[in-house]
1. What net charge do the residues around residue B:76 carry, taking every other residue with its C-beta under 10 Å from that of residue B:76, with Lys and Arg at +1 and Asp and Glu at -1?
2. Using a 10 Å Cβ count of at most 10 others and DSSP loop calls, identify the longest part of chain B lacking such trypsin sites (Lys or Arg not before Pro).
3. Which residues' amide hydrogens lie under 5 Å from the amide hydrogen of residue B:157, considering only partners 5 or more residues apart or on another chain, with H built in the peptide plane?
4. So which GluC sites (Glu not before Pro) in the range A:1-89 pass both tests, a DSSP loop state and at most 16 other Cβ atoms within 10 Å of the Cβ?
5. What do you get for Rg/Rh of the range B:184-269 when both radii come from the Cα atoms and Rh is the Kirkwood radius?
6. Could you report the buried accessible area between B and A, both sides summed, computed with a 1.4 Å probe and given in Å² to the nearest 100?
7. Using Cα pairs closer than 8 Å and at least 6 residues apart in sequence, work out the relative contact order for chain B, in percent.
8. For chain A, compute Rg over Rh where Rg is the Cα radius of gyration and Rh is the Kirkwood radius from the inverse mean 1/r over Cα pairs.
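The values are calculated or read from the model by the stated rules, or taken from the named source; none is laboratory data. As the structure is a prediction and not an experimental result, all values here were calculated from the model. Here Cβ is always computed from backbone atoms with ideal geometry, including for glycine, and neighbour counts include all displayed protein chains. Note: areas computed on protein heavy atoms with side chains; ligands, DNA, RNA excluded. Shrake-Rupley method; radii C 1.70, N 1.55, O 1.52, S 1.80 Å.
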Amino acid sequence: MASVGSPLRVCRGILKELRAQCGHKYQQSMAYRYMMEQFRKNQVTSEKLCRAQQELLHQAATYLCLLRSTRMHLALHEEYHGKGESKPEDVAKLVGLRLPQQPGGKGWEN
Amino acid sequence: MLRQATRLCTRFPLRSYTRSYLSERKKFYQDVSISQGEGGLFEVSLDRRKLKTPGGKLFAVASEPLAIAVATEWDSQKDTLKFYTMHLTTLCNTAIDNPTQRNKEQIITATLKYLETDTVCYRVEEPQGLVELQKNEWDPVIQWIEKRYDVEIGSSSSIAGPTIPQKTRDTFSQHLASYGFWALTGLEFVITQLKSVVLPFALIDRHLTVEKAVLLSRLEEEYQIQRWGSVEWAHDYDCQELRSRTAAGTLFVHLCSEASTIKQKLLQG
């Protein structure tokens, strides 16, 4: 079985992601209610339930990874790919160059 | 608001598979909810209207947690709908619409092709650091799957790759056939994303976490990043995107497999 971390950490992680997603009303969301129900149901351990508990923990960790990576992917997309085409001045600035200024204007502009 | 929704519907007809994914739609609903409909399937509603697939069919899934997760995806959209972040919705749509019109056997054949060019079986001969890394990270996974399924896979550094015995192919083929159509769709998705058959199997059997499976799939990139540094807008972007897709696919397979087990138990009484 993969090392997933403690149930408390995974649960907290998911709640954090849900809060980042839904705002302050995250406790009314379906995902929150389902999550808490599942975690509470599996808190009491007895030997025969142990495997099911591990399976659910892996599933919870997978969902946490999904929420977290989707949010970060979106953030990276917005930052680097969301702005459309940039002006030539900005592109030149990326590599530390400046466009030349021609006081008389370029020949073909007039 | 209803008029605005109808206007949007005609501007972006649901029949058209490509158009609704190219342009950005404004968020046209406030509340997302789920309900249980015909045959015990779960449906998602945006305000009062039931969600439909791009193919025009009613969106209905057998697993309640899957429906909740899909509803959460729709709920988390802000001003515009970003379909490229809604991986579970996309997977469900693919399973319902089956746009490539394939049956289980065809999907299994296509999936097993990846075994011949499995990432963890392809080894380099230099640089030495990468050779060591591949040996230390990939060999254990191959040993695990060989033991778990009683097959032979091996690894190779030749350009042709390892030769996979027919018995191995048959064993995997049989195992894949035991999955339902929905779970198989999800599994094929993970295999195409990780470019490996071994890694998704280890992931589905809970031998690896999503983060670890993605790391193993991108081992050479990670090696280069350690040497030369990371470029956020390329490396991190790719890593997060691969993680989100793999996590979605894995969750999809698990939830669909669970749902069919529960259904079978209910039918048996």
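1. Numbers: positive: A:71, B:78, B:82; negative: A:17, B:73, B:75.
Here the charged neighbours net out to 0.
2. Working: sites that count: B:15, B:48, B:78.
No qualifying site falls inside B:79-269, the longest such stretch.
3. Long-range HN contacts for residue B:157: B:123.
4. Details: sites: A:17, A:37, A:47, A:55, A:78, A:79, A:85, A:89; in loops: A:85.
Within the range A:1-89, the qualifying GluC sites (Glu not before Pro) (loop, at most 16 other Cβ atoms within 10 Å) are A:85.
5. Numbers: Rg = 15.8 Å, Rh = 14.1 Å.
Ratio value, two decimals: 1.13.
6. Working: alone 15180 and 9680 Å², together 21910 Å².
Interface area, both chains combined: 2900 Å², rounded to the nearest 100.
7. Once divided by the residue count of chain B, the mean separation gives 17 percent.
8. Values: Rg = 25.0 Å, Rh = 18.2 Å.
Using Cα coordinates only, the ratio equals 1.37.
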